[in-house]
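Take a look at the structure set out below.
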Amino acid sequence: MRNTAIGLASGAVLGSGCQPTQTETQVSEIDPNRKYRWNMVTTWPPNFPIIGEGCERFAEWINQMSGGRLQIRVYGGGELIPPLEAFDAVSTGTAQLAHGSAYYWAGKIPAAQFFASVPFGMNAQQVNAWILKGGGLELWREIYEDFDLVPFLAGNTIAQMGGWFNREINSISDLKGLKMRIPGLGSRVFEKAGGSAVLSAGSEIYTNLERGVIDATEWIGPYHDYLMGFHKIAKYYYSPGWHEAGTALELIINKSIYDELSPDLQEIIASAAGRLNQEMMAEMEVKNSEYLELIRSEAEVEIRKFPDEVLEVLKAKTSEIIREMTSNDPLSARVYESFRKFKEINKPWSDLTERVFYTEIA
Ligand code: CA
């Protein structure tokens, strides 16, 4: 395997010698000893557990692998630029790269949401499969190229929880007028089902829930939720996170800057993004397991599952929202078609194996 790879690589170099024009010029323009110092902005609060911490490790891996040729300084949201300006900052080259999630750019590119999370969409394993090997990445790259960006899959929250509620949810009518902090496409579905979606910054959620400004909030999963303290002020903790079954996180790099890198540095970045994706999912799984237990043992909160009837209605409303989205926006229609096709092909296989494992064997 190794010999073949080296053989191919040297073959390519030799090949360029026979055609002394473009390739040779390109090779000579890349200085293998050039050092880069990059700024990485993120949409996360500084030192955000697992996710922000993962970005710090990502920078360290790249520093190590490149022998110090590529040094990246990571900034939390608001430290260099406001969190939701990360896309524009990298697109214009103000920062070289960013970590966030594609659904933050829904205002600019509605179709980007499919590369993050769609209610009743896919879990982390399926999202990985669709993006990395099922056609998603090619579409994602094509769409971001218009913004001079290269996207990489670089993390996943894995399945989230449905959220913290101070009202019981027994039927869909219990959602009527319910004020819940819920972002993204999930918020539109929630409103279609009769709820009232409230957008509040992470720092305000606890106080809003405590004071009854909101009746409910979603966040991530047991680990991050516990750190927010919601178990101290909410009566019910509902599952599942129907709106975020496996939210993908992204790394975006300014494409013009990325294209000028030597191929080894480009591979180092791709490898580090892959490792970040893998490690983040593993860490989420471990921490959520531990902290769910902690919430069960420490808090008086009741952990419940949404009634099937409620989930059925939310699912039907999701289809309506997606229909509206895809009929108004050809790009969303194109991405959704790829997403939907993969999901359809994957379902019989997944039902035969994963689903049986979880529901009948485990
Ligand atoms: Ca969430």
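Note down the Stokes-Einstein diffusion coefficient of segment 164-323 in µm²/s, whole number, using a Kirkwood radius over alpha carbon pairs, 37 °C, and 0.692 mPa s. Walk me through the intermediate numbers first.
On the way: Rh = 17.7 Å.
The calculation lands on 185 µm²/s.
Please give the Cα centre distance for segment 86-101 versus segment 124-195, rounded to the nearest Å. Here the answer is 21 Å between Cα centres. May I ask you to list the residues of segment 149-172 whose amide nitrogen lies under 14 Å from a point 7 Å from Cα along the Cα→beta-carbon direction of residue 256? Hits in segment 149-172 for residue 256 at 14 Å: 149-150.
Here the Debye sum runs over all C-alpha atoms of the chain as equal scatterers in vacuum, and log10 of I(q)/I(0) at q = 0.06, 0.08 Å⁻¹ comes out as -0.25, -0.44.
Normalised size of segment 258-360, defined as Cα radius of gyration per 2.2 N^0.38 Å with N residues, equals 1.59.
Which whole-number value in Å² is the accessible area per residue of segment 232-302, probe 1.4 Å?
On the way: 3150 Å² over 71 residues.
With the other protein chains kept in place, segment 232-302 gives 44 Å² per residue.
Dipole orientation for the chain: of the candidates 83, 294, 276, 294 has the Cα lying most toward the positive pole (charges on Cβ; Lys, Arg +1; Asp, Glu -1).
Simple point charges give the picture: +1 on the Cβ of Lys and Arg, -1 on the Cβ of Asp and Glu, and for the chain a dipole about the Cα centre of about 240 debye.
Over segment 322-362, the fraction of Cα-Cα pairs per 5 Å bin, rounded to whole percents and listed from the shortest bin up, is 5, 23, 18, 14, 12, 11, 10, 6, 2. Over segment 245-304, the Kirkwood radius and the radius of gyration, each from Cα atoms, give a ratio Rg/Rh of 1.26. Inter-label distance, residue 315 to residue 204: 3.5 nm, where each label sits 7 Å from its Cα along the C-beta direction.
Run the numbers for residue 60 and residue 334: contour at 0.36 nm per residue of separation, minus the present Cα-Cα distance, in nm.
Between residue 60 and residue 334, full extension yields an extra 94.9 nm.
Counting only Cα atoms, the size of segment 203-264 along its three principal axes is 54, 23, 18 Å, in decreasing order. Give me the Debye-computed log₁₀ of I(q)/I(0) at q = 0.18, 0.24 Å⁻¹ for segment 136-179, equal point scatterers on Cα only, no solvent, two decimals. Taken in order of the listed q values, log10 I(q)/I(0) reads -0.66, -0.87. Considering segment 65-176 at the alpha-carbon level, its Rg and Dmax are found to be 17.5, 60 Å.
The values are calculated or read from the model by the stated rules, or taken from the named source; none is laboratory data. All of these numbers come straight from a predicted model, not from anything done at the bench. So basically every Cβ, Gly included, is an ideal-geometry build from the backbone, and we count neighbours across all protein chains shown. Accessible surface is based on the protein model in full, side chains and every heavy atom, while ligands, DNA and RNA are left aside. Shrake-Rupley method; radii C 1.70, N 1.55, O 1.52, S 1.80 Å.
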